[in-house]
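Student: One structure is given below, represented as structure tokens, and several questions about it will come after.
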Amino acid sequence: MDFNLSRAHLLIQKMMREFTENCVKPIAAETDLTCAYPKETIDQLFRYGVMGMCIPKEYGGADADDLASAIVVEELSKACASTGDIVATHNGLCCDPILKNGTEEQKMKYLPMLSKGKKVGAFALTEPNAGSDSSKGTTTAEDMGDHWLLNGSKIFITNGYVADIIVVFAMTDPSKGNRGISAFIVESSFPGFSVGKHEEKMGLHGSPTAELVFTDCVVPKENLLGPLGKGFKIAMQTLDGGRIGIAAQGLGIAEGAMQEAIEYTKTRVQFGKRISQFQNTQFVFADMALAVEAGQLLTYQAAVLKAAGQPFSKQAAMAKLYTSENAMKITTKALQMFGGYGYTKDYPMERMMRDAKITEIYEGTSEVQRMVIAGALGVN
Amino acid sequence: MKIIVCVKQVPDTSGKVAVNEDGTLNRASMATITNPDDLNAVEAALALKDQTGAEVIVLCMGPPPAEGMLREILARGADRAVLISGREFGGSDTYATSQIISAAIKKIGLGDEDVVFCGRQAIDGDTAQVGSQIAEKLNLPQVSYAADLKKEGNTLTVKRMLEDGYMTIQVQTPCLITCIKELNEPRYMSVAGIFDCYSMPYEVFDYETLKDDPLVDPSTIGLKGSPTNIFKSFTPPQKGVGVMLEGSDKDTCDKLAGTLAAKHII
């Protein structure tokens, strides 16, 4: 058992630290304040091969692995969870299911667009009445002979109003329940596709979340992703992998908040001492560091298992559950270290705390993660 | 077309500087970085590669651990790396270093349209001598302090930054250019570059590789071949905190003049 990162993973970490420090951190507060999609940053991440990084070279990617992908999201999220989210969604929820389930023609067409072609990806499963119970979706896809006709709407879609290519789940046979769901690759330029409401959220202000509306949306026959009726399975498998990205995001937010708080307590003087000199401060940081390190081990383990083609569903759920709940706890305690200053927008703590909350909710709530873990234990 | 970029691994001066008893730098105990100006030289080479498809060869003289830095430059987009390394080369000053690097460049070979890029100077010695010495020894035209650069055919138009202005000159290839930070913004490593860099062409030139070149003579390389002797290296004591005067009125000026006069500076 080797707990050391490989030479390549260390370089990915180094590159992303430098990139985040120079290009992401300086605009994180403004991105949050203005709710602006960080387009320039994402363009740069395309340029350096971060967007679509796990796509094999023959399809235009960098042939990176899942651990590298997790490290990227972790490092970005230390300074800006919105940027981490955009990347995690593109790589984990759009590129990955096309790579794993696409036909050769689909891979040749879409994967180069999602890497070298700078097209942003999204994943559309959730509907107003189908959240955690995602099998209850009502968006339909009707077989019209030479094309599919999609009708319905999807909500809370990350990258929603910037995405060019979206993996969409729709009922092809409502009588079959889960087995009646199929997956489709939809381009935002297809007739009948439109973007609905842009969500105003508590946090992740730079991450563009929107409703997607399909009104007699014409999807070519060949854009069915995977076999007919296997959409639910594809969605669940994709979310298993996507959870590693969210685990990395939660981990990054926690690490970023802890680091900010450590620096602050070394300079803030109260009662004649730097507050880092108080034992309470030291013990709080010791506990934070413990949770960060444990979360990192869980996250990296899940990523390594996925890369090796081994079962990872339980480990990904554990990693996501652990790091997201700790992201919330750690940002809360880190903000407390700043006292009143932490509650103001002069410091990044309130943003980090707002951003942390979503990690306990999306790509499976904490409760869903516990269901997955209990299921893996055979407790039912 | 070929572009050779000379780079140096230097101590990270944002950390603590460690000095050996004999006055030389204790490099082993200090964190290292790629010399900042050299990254501008790398970027200049990669930008020319983007434009012309030239091959970029990165060249470094240093101890074996400098391989890590060279791999990082391959990950930024260079095609080939050469490390010049050998006990015989240890302790070289700028004169001896430029003898050895010049021999290595001759070994790689420089064609009619090729260019050598160097950083202006390294942050450890701050001499700014090696680039120019290489040009002299290879009989190449050189342009120092490049702040802007264009290549058309075999002609490079270079804007040099001087203390009191700019000088734009044209030079024919093959030539040597030393680069400053105003020239460009160095790119990051790319993900694909990172996953490829350890399988890319990497060579080590040792004494055996270069010994047949007349520039590499025991009397002109290493500590023995170095005319420079280091008397002492030390971390300068911290200066006291300065005093800030604010305002552009006469009173403030009088106060400034009075303070300087009291210290016998004026």
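Student: Which of (1) over 24 Å from A:L76 (Cα atoms); (2) free of Cβ contacts under 8 Å to residues at least 12 places away in the same chain is the odd one out, the single condition A:G342 does not satisfy?
Tutor: A:G342 satisfies every listed condition except (1).
Student: What's the number of the only condition in (1) touching a Gly at 6+ places or on another chain (Cβ under 7 Å); (2) at pLDDT 95 or above that B:A31 fails to meet?
Tutor: (2)
Student: When the residues of the range B:50-65 are filtered to those that are at pLDDT below 95 and either buried (at least 19 other Cβ atoms within 10 Å of the Cβ) or within 14 Å of chain A (Cβ to nearest Cβ) (or both), which remaining residue is farthest from A:V50 (Cα to Cα)?
Tutor: So, considering only residues that are at pLDDT below 95 and either buried (at least 19 other Cβ atoms within 10 Å of the Cβ) or within 14 Å of chain A (Cβ to nearest Cβ) (or both), the one farthest from A:V50 (Cα to Cα) is B:G62.
Student: A further question on this structure: Is it fair to say B:A47 is surrounded by fewer than 24 Cβ atoms within 10 Å (Cβ to Cβ) and in a helix (DSSP H, G or I)? Walk me through it before giving the result.
Tutor: On the way: surrounded by fewer than 24 Cβ atoms within 10 Å (Cβ to Cβ): yes; in a helix (DSSP H, G or I): yes.
Yes.
Student: Give the residue that is nearest to the other protein chains (Cβ to nearest Cβ), with candidates limited to residues of the range A:54-69 that are under 18 Å from A:D164 (Cβ atoms) and in a loop (DSSP other than H, G, I, E, B).
Tutor: Initially, the range A:54-69 is screened for residues under 18 Å from A:D164 (Cβ atoms), giving A:55, A:59-61.
After this cut, where a residue has to be in a loop (DSSP other than H, G, I, E, B) as well, the list is A:55, A:60-61.
Numbers: A:I55: 10, A:G60: 10, A:G61: 8 Å.
Residue satisfying both the conditions and the ranking: A:G61.
Student: Can I ask one more? Has the range A:355-368 got any residue that is in a helix (DSSP H, G or I), touching a Phe, Trp or Tyr at 6+ places or on another chain (Cβ under 9 Å) and aliphatic (A, V, I, L, M)? Steps first, please.
Tutor: Initial filter on the range A:355-368 (in a helix (DSSP H, G or I)): A:355-359, A:366-368.
In the following step, the residues that additionally are touching a Phe, Trp or Tyr at 6+ places or on another chain (Cβ under 9 Å) were identified as none.
Among the residues of the range A:355-368, not one is in a helix (DSSP H, G or I), touching a Phe, Trp or Tyr at 6+ places or on another chain (Cβ under 9 Å) and aliphatic (A, V, I, L, M), which makes the answer no.
Student: Separate question: Can you find a residue that is buried (at least 24 other Cβ atoms within 10 Å of the Cβ) and not aliphatic (A, V, I, L, M) anywhere in the range A:21-38?
Tutor: Keep residues of the range A:21-38 that are buried (at least 24 other Cβ atoms within 10 Å of the Cβ), which gives A:24, A:28.
Imposing the further condition that a residue be not aliphatic (A, V, I, L, M) reduces the set to none.
So far as the range A:21-38 goes, no, none of its residues is buried (at least 24 other Cβ atoms within 10 Å of the Cβ) and not aliphatic (A, V, I, L, M).
Student: Would you check if A:T265 is surrounded by fewer than 24 Cβ atoms within 10 Å (Cβ to Cβ) and either part of a strand (DSSP E or B) or in the same structural domain as A:F190 (by TED's automatic domain parsing) (or both)? Step through it out loud before you land on a result.
Tutor: Working: surrounded by fewer than 24 Cβ atoms within 10 Å (Cβ to Cβ): yes; either part of a strand (DSSP E or B) or in the same structural domain as A:F190 (by TED's automatic domain parsing) (or both): no.
No.
Student: Can B:I73 be described as among the β-branched types (V, I, T), within 14 Å of chain A (Cβ to nearest Cβ) and surrounded by fewer than 22 Cβ atoms within 10 Å (Cβ to Cβ)?
Tutor: When the stated conditions are applied, B:I73 does not pass them.
Student: I'd like the full set of residues that are buried (at least 20 other Cβ atoms within 10 Å of the Cβ), in contact with a Leu (Cβ under 6 Å, 6 or more places away or on another chain) and of a type in the set (A, V, I, L, M, F, W, C), limited to the range A:301-328.
Tutor: A:A303, A:F312, A:M318, A:A319, listed by residue number.
Student: Among the residues in the range A:128-135, are any away from chain B (no Cβ under 13 Å) and either part of a helix (DSSP H, G or I) or farther than 21 Å from A:T209 by Cβ (or both)?
Tutor: So the first thing to find is which residues in the range A:128-135 are away from chain B (no Cβ under 13 Å), and the list is A:128-135.
Now drop any that are not either part of a helix (DSSP H, G or I) or farther than 21 Å from A:T209 by Cβ (or both), which leaves A:134-135.
For the range A:128-135, residues away from chain B (no Cβ under 13 Å) and either part of a helix (DSSP H, G or I) or farther than 21 Å from A:T209 by Cβ (or both): present.
Student: Only residues that are free of Cβ contacts under 8 Å to residues at least 40 places away in the same chain and within 10 Å of chain B (Cβ to nearest Cβ): list them for the range A:20-49, please.
Tutor: Selection gives A:N22, A:C23, A:Q44, A:R47, A:Y48.
Student: Report yes if A:V379 is out of contact with any helix residue (DSSP H, G or I) (no Cβ under 8 Å at 6 or more places or on another chain) and not hydroxyl-bearing (S, T, Y), otherwise no.
Tutor: Working: out of contact with any helix residue (DSSP H, G or I) (no Cβ under 8 Å at 6 or more places or on another chain): yes; not hydroxyl-bearing (S, T, Y): yes.
When the stated conditions are applied, A:V379 passes them.
Student: Would you mention how many residues in the range A:186-200 are within 30 Å of A:L33 (Cα to Cα) and touching a Ser or Thr at 6+ places or on another chain (Cβ under 6 Å)?
Tutor: Residues meeting the conditions: 1.
Student: Condition test on A:Y48, is it among the aromatic types (F, W, Y) and in contact with a Ser or Thr (Cβ under 6 Å, 6 or more places away or on another chain)?
Tutor: Numbers: among the aromatic types (F, W, Y): yes; in contact with a Ser or Thr (Cβ under 6 Å, 6 or more places away or on another chain): yes.
Considered against the rule, which asks whether it is among the aromatic types (F, W, Y) and in contact with a Ser or Thr (Cβ under 6 Å, 6 or more places away or on another chain), A:Y48 comes out as yes.
So that you can scan it fast, the table gives a plain yes or no per residue for (1) buried (at least 20 other Cβ atoms within 10 Å of the Cβ); (2) modelled with pLDDT of 95 or more; (3) more than 26 Å from A:A29 (Cα to Cα):
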site: A:T209; (1), (2), (3): yes, yes, no
site: A:L212; (1), (2), (3): yes, yes, yes
site: A:V219; (1), (2), (3): yes, yes, yes
site: A:E222; (1), (2), (3): no, yes, yes
site: A:P227; (1), (2), (3): no, yes, yes
site: A:F232; (1), (2), (3): yes, yes, yes
site: A:A235; (1), (2), (3): yes, yes, yes
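Student: Name the single residue, out of those in the range B:192-228 being assigned to a strand (DSSP E or B) and either out of contact with any Ser or Thr (no Cβ under 9 Å at 6 or more places or on another chain) or buried (at least 19 other Cβ atoms within 10 Å of the Cβ) (or both), that is nearest to the other protein chains (Cβ to nearest Cβ). Let's see the steps before the verdict.
Tutor: Here is the first cut: in the range B:192-228, the ones assigned to a strand (DSSP E or B) are B:202-205.
Filter once more, so that each one left must be either out of contact with any Ser or Thr (no Cβ under 9 Å at 6 or more places or on another chain) or buried (at least 19 other Cβ atoms within 10 Å of the Cβ) (or both): B:202, B:205.
On the way: B:Y202: 13, B:F205: 23 Å.
Of everything passing the filter in the range B:192-228, B:Y202 is nearest to the other protein chains (Cβ to nearest Cβ).
Student: Are any of the residues in the range A:92-100 of a type in the set (G, A, S), buried (at least 20 other Cβ atoms within 10 Å of the Cβ), within 15 Å of the chain's Cα centre (by Cα) and not in a helix (DSSP H, G or I)?
Tutor: The initial filter retains those residues of the range A:92-100 that are of a type in the set (G, A, S), namely A:92.
Cutting the leftovers down to buried (at least 20 other Cβ atoms within 10 Å of the Cβ) gives us A:92.
From the residues that got through so far, the ones that are within 15 Å of the chain's Cα centre (by Cα) too are A:92.
Okay, now just the ones that are also not in a helix (DSSP H, G or I), so none.
Among the residues of the range A:92-100, not one is of a type in the set (G, A, S), buried (at least 20 other Cβ atoms within 10 Å of the Cβ), within 15 Å of the chain's Cα centre (by Cα) and not in a helix (DSSP H, G or I), which makes the answer no.
Student: Might you check whether a residue that is crowded, with 24+ Cβ neighbours inside 10 Å, among the hydroxyl-bearing types (S, T, Y) and not in a helix (DSSP H, G or I) occurs anywhere in the range A:70-90?
Tutor: No, the range A:70-90 has no match at all.
Student: Of the residues A:S189, A:S175, only one is farther than 19 Å from A:L93 by Cα, of a type in the set (S, T, Y) and assigned to a loop (DSSP other than H, G, I, E, B); which?
Tutor: Values: A:S175 fails: assigned to a loop (DSSP other than H, G, I, E, B).
Testing whether each residue is farther than 19 Å from A:L93 by Cα, of a type in the set (S, T, Y) and assigned to a loop (DSSP other than H, G, I, E, B) leaves just A:S189.
Student: Restricting to the range B:1-44, what's the tally of residues that are among the acidic types (D, E) and outside any helix (DSSP H, G or I)? So that I can check it myself, show each step before the final result.
Tutor: Looking only at the range B:1-44, we keep the residues that are among the acidic types (D, E), and these are B:12, B:21-22, B:37-38, B:43.
Still in the list and also outside any helix (DSSP H, G or I): B:12, B:21-22.
Going through the range B:1-44 one residue at a time, the tally reaches 3.
Student: Have a look at A:A356, A:A286, A:A316 and point out the one that is of a type in the set (G, A, S), touching a residue at least 24 places away in the same chain (Cβ under 8 Å) and farther than 18 Å from A:A28 by Cβ. Break it down stepwise before answering.
Tutor: Details: A:A356 fails: farther than 18 Å from A:A28 by Cβ; A:A286 fails: touching a residue at least 24 places away in the same chain (Cβ under 8 Å).
On inspection, the qualifying residue turns out to be A:A316.
Student: If you take the residues of the range A:1-19 that are surrounded by 13 or more Cβ atoms within 10 Å (Cβ to Cβ) and in a loop (DSSP other than H, G, I, E, B), which of them is farthest from the other protein chains (Cβ to nearest Cβ)?
Tutor: Only one residue fits best here, namely A:L5.
The values are calculated or read from the model by the stated rules, or taken from the named source; none is laboratory data. Because the structure is a prediction, the values reported are computed rather than measured. Cβ sites come from the backbone with ideal geometry, for glycine too, and all protein chains shown count toward neighbours.
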